[in-house]
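Rule-based calculations on the coordinates, nothing more; no lab input. As the structure is a prediction and not an experimental result, all values here were calculated from the model. Counting neighbours? That spans all protein chains shown, and the Cβs are built from the backbone with ideal geometry, glycine included.
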């Protein structure tokens with residue numbers, strides 16, 4: 001953690017200790033029951049985790065992006081759903097800080113810093129997936145209000161987030177298309193239905209829902225930054241945070257799987273010796289440890305570029321692509337190392353194996369990440 005100040009190291013260590021003390025003992029039961037972790041979320045509020053990105057005068061002590069990434073990884077090491085419960089929230093906080101009007105910052109950020117108000121973002125549509133410019137959700141200006149119609153899907157924390165950063169078309173005729181897209185800051189109210197919780201392979205406990213907007217009226221001053229047509233560029237900047245965050249979640253899941261596998265390989269004996277001493281198992285552990293270390297460095301590299309104010313869409317994309325693929329590989333190898341027990345719901349490795357795929361398809365699928373990375377490599381003339 002050489003990139004962190006002494007204070008920030010203490011923050012990461014506090015979260016790590018909390019995860020070991022409060023999360024690890026209860027997570028298996030909560031996860032298998034698909035139960036919302038109300039008590040843990042309240043403790044996260046008390047720890048100040050919802051305010052990590054929010055500076056004075058609205059918050060208290062914002063941390064650097066590398067620190068935020070490592071806190072996220074610690075939460076995910078305990079339970080990936082806990083990191084998911086504050087992921088979109090932080091992206092929306094960063095969007096408000098970068099682009100919000102003074103009035104928007106004053107209205108939302110103080111309550112977001114304490115976790116009293118939690119935020120999420122609504123991008124994906126049932127027919128659209130990663131093709132954000134082709135969205136169908138529209139907001140039509142009617143006097144001093146927008147009338148919103150359309151639907152969004154896979155929206156994390158949709159029931160429990162009081163604020164939604166909604167990506168929608170405010171000018172469907174605009175060319176190029178991205179010039180007609182805005183972010184609206186929407187609060188729950190008439191015309192918005194959270195229709196159903198989507199059933200998921202992993203990522204239990206925290207809801208992901210469909211949202212339906214049916215003639216929902218939103219004040220015209222709900223446009224992020226006050227000027228319509230800038231939402232696509234704003235959200236692309238927000239996704240730099242989002243991709244660093246998802247990469248960090250993957251790092252946490254991979255770390256948890258590795259920790260369990262390393263411990264088990266020392267405890268379990270076969271043919272008269274601990275199984276790590278068998279070359280095939282030792283090789284797995286060596287590769288898992290090496291790749292997780294590389295993934296961590298990629299995340300910190302992207303996070304440092306973000307903090308320096310440099311463009312980091314390629315670096316964040318690389319971190320997300322690599323770390324999510326590694327988390328899946330490490331989770332599978334942890335199952336292999338546990339043998340038959342790895343397939344048992346009495347051990348945590350089956351959970352890591354179910355949670356890991358979310359980071360491959362979430363926040364822009366890895367197939368999309370590769371397109372983004374390739375385009376940036378061409379545009380930048382290589383790695384520089």
Enter the angle in degrees (range 0 to 90, nearest 10) between the Cα long axis of helix 80-99 and the first principal axis of the Cα atoms of the chain, meaning the one along which they spread out most.
40 degrees
Helix-only estimate, please: 222 nm mean residue ellipticity of the chain, summing -39500 (n - 2.57) across DSSP H runs of length 4 or more and dividing by its residues, to the nearest 500.
-17500 deg cm²/dmol
Mind giving me the nanometre distance, one decimal, between the label points for residue 9 and residue 233, set 7 Å out from Cα along Cα→Cβ?
4.1 nm
By the C-alpha gyration tensor axes a ≥ b ≥ c (rounded if a/c is under 1.5, else prolate when a/b exceeds b/c, else oblate), the shape of the range 73-136 is oblate
Normalised contact order of the range 6-118, rounded percent, pairs of Cα under 8 Å and 6 or more residues apart
33 percent
Work the Kirkwood hydrodynamic radius out for the range 6-118: mean of 1/r over every pair of different alpha-carbon atoms, inverted, in Å.
14.4 Å
Looking only at Cα atoms, what is the convex hull volume of the chain per residue, in Å³?
139 Å³
For a protection proxy built on the mean count of beta-carbon atoms within 10 angstrom, sort 259-272, 62-75 highest first, please.
62-75, 259-272
Can you give me the angle between helix 65-78 and the longest principal axis of the chain, using Cα atoms only, in degrees from 0 to 90, rounded to the nearest 10?
60 degrees
Relative to the first principal axis of the alpha-carbon coordinates of the chain, what is the inclination of helix 6-18, with its axis defined by its Cα atoms, in degrees from 0 to 90 and to the nearest 10?
70 degrees
Taking only Cα atoms of the range 232-380, radius of gyration then Dmax in Å:
17.2, 61
Would you mind pulling out the separation of the Cα centroids of the range 154-191 and the range 293-331, in Å?
27 Å
Just to be sure I understand the curve: with the Debye formula and one point per C-alpha of the range 120-229, what is log10 I(q)/I(0) at q = 0.14, 0.20, 0.21 Å⁻¹?
-0.52, -1.02, -1.11
